[in-house]
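What follows is one structure encoded as structure tokens, with my remarks underneath.
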Amino acid sequence: MTNDQTLHVVVGGGPGRALKHAADAMSALEQGRQPAPHFEVGFDDVSQMLAVFTPRRWELIAALRETGLTSISALAKLLGRDYKNVHGDVTALMEWMAIEKDEQGLIHAPFADIAVDVHLPRRRAA
């Protein structure tokens, strides 16, 4: 993956959003065009998103963007944090696509941007 892609973190977007991206990709393929890559993870509510993307994990992602490929132990030293805690954060962020590991076991943040899109709940009828 190139480093100019964006990871979209969507809160409360519902399944319609994913279906629209799939339909757009299918339409592009039917027209003989290559669909634009789209990387998205979704959460039902803000508390779920904040449980994954904690302030310390945002710091970790930012440090990886600055350093590029590195080991978990080197990242822990750079951040001044315990290896075990950094390893746990890296593992969690890999599950949500925010971090990748290469063939040599080095980690990096593959996205140039992470866009957080929060959809507020609809108002209930009075």
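Brief remarks on what is shown
- Residue in the stretch 105-117 that is of a type in the set (Phe, Trp, Tyr), under 19 Å from VAL10 (Cβ atoms) and modelled with pLDDT of 95 or more present: no
- Answer residue from the stretch 40-89, given it is closer than 25 Å to PRO121 by Cβ and touching a His at 6+ places or on another chain (Cβ under 8 Å) and is modelled with the lowest pLDDT among those: GLU40
- Residues of the stretch 87-126 classified as of a type in the set (Val, Ile, Thr) and closer than 14 Å to GLU40 by Cβ, total: 3
- Answer from ALA112, ALA28 - the residue that is within 14 Å of the chain's Cα centre (by Cα), on the phi < 0 side of the Ramachandran plot and of a type in the set (A, V, I, L, M, F, W, C): ALA112
- Considering residues of the stretch 96-109 that are under 9 Å from the mean Cα position of the chain (by Cα) and surrounded by fewer than 18 Cβ atoms within 10 Å (Cβ to Cβ) only, the residue farthest from SER71 (Cα to Cα): TRP96
The values are calculated or read from the model by the stated rules, or taken from the named source; none is laboratory data. Since the structure is predicted, the reported quantities are computational estimates derived from the model, not experimental observations. Here Cβ is always computed from backbone atoms with ideal geometry, including for glycine, and neighbour counts include all displayed protein chains.
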